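Asker: Just passing along the structure, written as structure tokens.
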Amino acid sequence: MKFCKRYAEYMRGRREKELPALGLKQLKKILKRCRREFQSHHQKQDGGGGSKFVGNCAVCDGTFFPSLLEQMSAVVVCFNQHAQKLLKLHLASGFGKFSMWLRGKSPKNDGTLIQEGRDLVAYAIINSIAMRKILKKYDKVHCSKQGQAFRSKASSMRIEILQSPWLCELLAFCINLRQSKLKNKAITELYNDCSLTFDDDGKPTLSCGLFDSMQIVIDLTCSICLDTIFDPVALTCGHLFCYMCCCAAASVTIVDGLKAADPKAKCPLCRQEGVNAGAMHLVELNILLSQSCPEYWEKRCQTERVERVRQAREHWQSLCREFMGM
């Protein structure tokens with residue numbers, strides 16, 4: 001079965017959840033029309049000789065890329081909203097859980113939560129595949145690298161769905177449920193393709209493969225301290241770091257936080273600017289790593305506690321000196 005038909009059938013089953021999709025058929029029609037018009041134009045000019053696209057295309061660029069950009073943005077926004085809502089249900093406790101009960105939104109059972117999490121991960125992966133295939137089709141039709149360039153642009157605009165920190169949180173969330181709460185073997189096997197593994201040096205990797213043509217692999221090593229990320233935080237560009245390492249790289253204290261960083265501060269890895277203000281703490285991933293490597297976690301807790309106390313003391317001392325006019 002061709003991917004376009006497979007994608008259409010998959011998204012047809014998600015209509016009740018009102019999940020937006022990429023219009024692959026519409027985008028393919030744009031490319032076909034572009035090819036016909038281009039060939040017709042050049043046949044008249046060169047007497048029927050063969051011609052190929054090279055570079056930009058004035059025929060379809062004005063409709064193809066804007067349409068794809070709008071659809072990709074809708075998919076990412078919807079995915080982030082659904083993932084955030086699901087994880088909020090799972091992590092709710094105390095007053096939050098009571099408030100949800102009053103509003104009729106009490107947390108669902110673990111089996112339902114993990115199924116919804118799996119569906120969202122599958123939704124992210126298949127839409128990422130769809131985007132890559134249609135851009136590959138564009139490059140094939142035009143004999144160009146504009147599609148590849150658009151993918152890079154999508155990454156910088158944060159509309160590449162696999163860069164969403166909510167995806168990493170969903171994978172950790174499903175593993176946490178499987179390891180600590182699910183006793184039903186049938187439900188546990190539902191997500192046996194998602195795993196946390198460690199290499200020979202003890203470095204962790206989060207991986208998941210739901211479709212034959214693609215597998216997600218997320219390195220959980222901080223590129224600053226070169227150790228397993230502790231108190232993980234994801235910048236809006238999608239890269240993961242230890243919270244304290246990230247604060248040091250952004251030249252802010254943990255008391256001020258990443259929101260106080262210079263707007264021009266860059267990601268230590270990809271060098272994109274303005275990625276600190278929207279940084280997100282990965283709570284589910286933090287739980288997963290703390291349970292998977294307890295000895296390392298306890299050691300880092302002791303080390304970080306000393307540093308956090310030191311920074312907090314220096315912060316309050318500077319405020320007192322400022323208040324006293326010293």
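Asker: Ranked highest first by average number of other Cβ atoms within 10 Å, how do 275-281, 198-204 line up?
Answerer: 275-281, 198-204
Asker: Taking R0 as 35 Å, what FRET efficiency do you get between Arg33 and His281 from their Cβ-Cβ distance, rounded to the nearest 0.05?
Answerer: After rounding to 0.05, the efficiency reads 0.15.
Asker: Between Ser223 and Met324, 0.36 nm times their residue separation minus their Cα-Cα distance comes to what?
Answerer: Additional length available on full extension: 32.3 nm.
Asker: I've got another one for you. When a/c is below 1.5 the answer is rounded, else prolate if a/b is larger than b/c, else oblate, so apply that to segment 244-326 with a ≥ b ≥ c taken from the square roots of the Cα gyration tensor eigenvalues.
Answerer: oblate
Asker: Sort segment 119-163 into rounded, prolate or oblate with this rule: let a ≥ b ≥ c be the square roots of the eigenvalues of the Cα gyration tensor; rounded if a/c is under 1.5, and if a/c is not under 1.5, prolate when a/b is larger than b/c, oblate otherwise.
Answerer: oblate
Asker: While we're on this one: Between Arg271 and Lys136, what is the label-point separation in nm under the 7 Å Cα-to-beta-carbon projection?
Answerer: Simple spin-label model gives 3.0 nm for this pair.
Asker: Related question: Ranked highest first by the average count of other Cβ atoms within 10 Å around their residues, in what order do 113-125, 230-242 fall?
Answerer: Result, highest mean Cβ count within 10 Å first: 230-242, 113-125.
Asker: Multiply the residue gap between Gln317 and Thr205 by 0.36 nm, knock off their C-alpha separation, and tell me the result in nm, one decimal place.
Answerer: 36.3 nm
Asker: Relative to the present Cα-Cα distance, how much length would full extension add between Lys299 and Ala8 at 0.36 nm per residue of separation?
Answerer: 99.8 nm
Read-outs: derived from the displayed coordinates by stated rules, not from any lab. Not measured: the values here are computed from a predicted model. Every residue, glycine among them, receives a Cβ derived from its backbone with ideal geometry; neighbour counts consider all protein chains shown.
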